[in-house]
Amino acid sequence: MPDIPLELLATHANAYASANGIQVERRKKDDPASAYFECAPMSLLPNAYPKEAFDQAQSVATAFNELVDRVSRDSEFLEKTLGGGVAEHDLFTAKILSLYKEVYGNDDSVAHTADRLGIQRSDYMLHSVKEGEPYRLKQVELNTIAASFAGLACNIADLHRYLTTRFAPEIEDYLLTNQKIVTASTESAPGVPENPALSRIPAAMQIAFNRYCKKFSGGDSANKIVLFVVQEGETNTVDQRMLEFRLFSDFGVPVVRMSLTKASSEITVSDDGALKLGDKEIAVVYYRAGYAPTDYPDGDDGIEWKARLTLENSRAAKCPSLGYHLAGTKKVQQELARPGVLERFFPKEDEKEMVEKMKSAFAGLYSLGEDAVPEDIDAVQEALGGKEGQFVLKPQREGGGYNFYGAQLKEKLEKNTSEGSDGSLKLSENLAEYILMQRLFPPQQRAILLRGGKVEGSGDSISELGCYGTVVVDPVGEVVHNEYAGFLLRTKFSNVDEGGVASGFATLSSPYLC
Ligand code: ADP
Ligand code: MG
Ligand code: MG
């Protein structure tokens, strides 16, 4: 523990958080008037993180950006991967896929004239293949829609840099104890790195915005806006607003926020493909909603889906386009990890290094659909018969809280497998919408977690690194902007299976590089 009363550190942290907007909204259900702001769930101090792994995550960000774009344009691959068992059992993914085909299968759609804007976050855990071997970076998932916390994460990094320098002598031993858990390096630690997310993400939006104005209005930005598509009742509003405010203060670009429900009655598309909101024209659509069935309360053929289609069928740049959204599904992630598949997207000789870099971050991923190969079946056998807790079962969902672990996972597999007449293991088609993933075991470090600005407790914790990347691609596939755009570290107690800050499992933290 730090050599200073925790309450004193927590008071500093909470005050710094208030002064710098590290806040989330809270309110009683269905009572907007009860809303107030409080300190976001956070780790009091940063967590030790090997610099080498951090650098690796950073250096592979642009490759994943390109990959998402190439996958998004390969309708044959998306149809083959998602159109069978997944679409049959997961109606949400089926709907996104069907809109994608409707819009991009039509050569006359004005959507073909739009740029694509990607604001991605690739998430990783450290994992050691064998006990005693160094920890390596393994990808948990790649988020292509509503990748959040860039705003809060920047300010948390600043907070952690403040605390670890202001109270350096009192915290030194605590940091060193954690450092020894993740690395044998004895070099002096560089500490919490600069987090450029809050400047680079708005910068990418501005690039897409400017290109739109140039292409369709001779550079005139009057009356042009960026639309943030948001959830009704969103509580992570400060994080979103930080992007909005920076977009305006750095570039003078105004934002309008709206749910899909509201968009359905307020936004129209004109004959030339311009999205209109009253006398304003939407140049860029940025989704912080639309990834969950609950964002479409009017149901399958409801007004929210119509709004999504209207937004897509326009010349505005979408973040993400339907193709990017699909490229971020867990099933696509699993398919990309199969031998030879990355090479399909990066066939050139000089792209080999990029392919190897991405591959080295893949964990074991297994299909449970009709396309399962013997290695996939072996993994299921192992999950059924081996030591419990070596796998995670994942549906095609976003936002945390949907995965199966441990005994629940085993039960689900047992219920949906049988022995064929030849003695082999048969998978029920109910499993096709899931993927099976090797469970990662990141190093456990001490952490002190705060909720509502108060110490919630301390104990062993594990962390997940998120690495943002932004990309802008023109209609014919020319990459006009592609860069690493900052980081996020989330920390949770080790006995918690799920992740996600908004879903209440994890807290925001920062890496203390060593
Ligand atoms: P979502 O899109 O809902 O965030 P994730 O794949 O990120 O889905 O899973 C949610 C959380 O579950 C992660 O943040 C992580 O804490 C945990 N998790 C997911 N995959 C693994 C894994 N392979 N090993 C260990 N934990 C995992
Ligand atoms: Mg996700
Ligand atoms: Mg996740």
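The values are calculated or read from the model by the stated rules, or taken from the named source; none is laboratory data. Values in this document were obtained by computation on a predicted structure and should not be read as measured data. With ideal geometry, Cβ positions are generated from the backbone for all residues, glycine too; neighbour counts draw on all protein chains shown. We work out accessible area using only protein heavy atoms, side chains counted, and drop any ligands, DNA or RNA first. Shrake-Rupley method; radii C 1.70, N 1.55, O 1.52, S 1.80 Å.
Say we look at region 460-477 and pick out the residues that are open to solvent by less than 10 Å² (accessible area, probe 1.4 Å) and away from ligand 2 (no atom under 16 Å from the Cβ); which of these is nearest to the chain's Cα centre (by Cα)? If we take residues in region 460-477 being open to solvent by less than 10 Å² (accessible area, probe 1.4 Å) and away from ligand 2 (no atom under 16 Å from the Cβ), then Thr470 is nearest to the chain's Cα centre (by Cα). Scanning region 23-35 for residues that are in contact with a Lys or Arg (Cβ under 6 Å, 6 or more places away or on another chain) and modelled with pLDDT of 95 or more yields nothing.
Can you go through Pro190, Pro196 and tell me which one is within 23 Å of Gly21 (Cβ to Cβ), touching a residue at least 24 places away in the same chain (Cβ under 8 Å) and away from ligand 3 (no atom under 16 Å from the Cβ)? Being within 23 Å of Gly21 (Cβ to Cβ), touching a residue at least 24 places away in the same chain (Cβ under 8 Å) and away from ligand 3 (no atom under 16 Å from the Cβ) holds for just one of Pro190, Pro196, which is Pro196.
Just to be sure, is Glu388 surrounded by 22 or more Cβ atoms within 10 Å (Cβ to Cβ) and away from ligand 3 (no atom under 16 Å from the Cβ)? Spelling it out, it is not the case that Glu388 is surrounded by 22 or more Cβ atoms within 10 Å (Cβ to Cβ) and away from ligand 3 (no atom under 16 Å from the Cβ). Within region 62-78, is even one residue closer than 30 Å to Ser188 by Cα and surrounded by fewer than 16 Cβ atoms within 10 Å (Cβ to Cβ)? Among the residues of region 62-78, not one is closer than 30 Å to Ser188 by Cα and surrounded by fewer than 16 Cβ atoms within 10 Å (Cβ to Cβ), which makes the answer no. Residue pairs whose Cβ atoms lie under 7 Å apart, sitting 6 or more positions apart in sequence or on different chains, and linking a residue in region 334-348 that is at positive phi and charged (D, E, K, R) to a partner that is open to solvent by 30 Å² or more (accessible area, probe 1.4 Å) and not in a loop (DSSP other than H, G, I, E, B), do not occur here. Checked against (1) within 16 Å of ligand 2 (Cβ to nearest atom); (2) surrounded by 16 or more Cβ atoms within 10 Å (Cβ to Cβ); (3) not polar (S, T, N, Q), Lys410 passes all but condition (1).
Just one of (1) without any contact (Cβ under 8 Å) to a residue 60 or more places away in the chain; (2) open to solvent by 20 Å² or more (accessible area, probe 1.4 Å) fails for Glu351. It is (2). Across region 327-361, the number of residues qualifying as of a type in the set (Lys, Arg) and within 16 Å of ligand 3 (Cβ to nearest atom) comes to 2.
Of all the criteria given as (1) assigned to a helix (DSSP H, G or I); (2) more than 30 Å from Ser424 (Cβ to Cβ); (3) more than 22 Å from the chain's Cα centre (by Cα), the one not satisfied by Ala383 is (2). The numbered conditions (1) within 15 Å of ligand 2 (Cβ to nearest atom); (2) closer than 20 Å to Val129 by Cα; (3) open to solvent by 20 Å² or more (accessible area, probe 1.4 Å) are all true for Glu398 except (2). Tallying residues that are of a type outside the set (Lys, Arg), open to solvent by 50 Å² or more (accessible area, probe 1.4 Å) and closer than 29 Å to Glu433 by Cα within region 99-139 yields 5. Being out of contact with any Asp or Glu (no Cβ under 9 Å at 6 or more places or on another chain), crowded, with 17+ Cβ neighbours inside 10 Å and under 22 Å from Phe493 (Cα atoms) is a property that Ile377 lacks. When Glu398, Glu304, Glu312 are screened for being under 20 Å from Leu97 (Cβ atoms) and within 16 Å of ligand 3 (Cβ to nearest atom), only Glu398 passes. If the condition is being open to solvent by 10 Å² or more (accessible area, probe 1.4 Å) and in contact with a strand residue (DSSP E or B) (Cβ under 9 Å, 6 or more places away or on another chain), then region 478-491 contributes Val479, Val480, His481, Asn482, Glu483, Tyr484, Arg490.
The residues on offer are Tyr402, Tyr434, and the sole one that is in contact with a Pro (Cβ under 9 Å, 6 or more places away or on another chain), free of Cβ contacts under 8 Å to residues at least 40 places away in the same chain and within 15 Å of ligand 1 (Cβ to nearest atom) is Tyr402. Identify, please: which residue in region 405-431 is within 30 Å of Gly290 (Cβ to Cβ) and touching a residue at least 40 places away in the same chain (Cβ under 8 Å) and is, among those, farthest from ligand 1 (Cβ to nearest atom)? Taking the candidates together, the pick is Glu429. Counted as qualifying within region 442-514 are the strands (runs of 3 or more DSSP E) with 2 or more residues that are at pLDDT 95 or above, away from ligand 3 (no atom under 16 Å from the Cβ) and closer than 16 Å to Ser148 by Cβ, namely 479-493. Since Leu152 meets every condition but one in (1) modelled with pLDDT of 95 or more; (2) surrounded by fewer than 21 Cβ atoms within 10 Å (Cβ to Cβ), which condition does it not meet? With (1) modelled with pLDDT of 95 or more; (2) surrounded by fewer than 21 Cβ atoms within 10 Å (Cβ to Cβ) applied to Leu152, the lone miss is (2). Please indicate, with yes or no, whether at least one residue in region 92-105 is over 23 Å from the mean Cα position of the chain (by Cα) and assigned to a loop (DSSP other than H, G, I, E, B). Yes, region 92-105 has at least one match. Scanning region 160-175 for residues that are of a type outside the set (D, E, K, R) and touching a Pro at 6+ places or on another chain (Cβ under 9 Å), which turns out nearest to ligand 3 (Cβ to nearest atom)? Filtering first and then ranking leaves His160.
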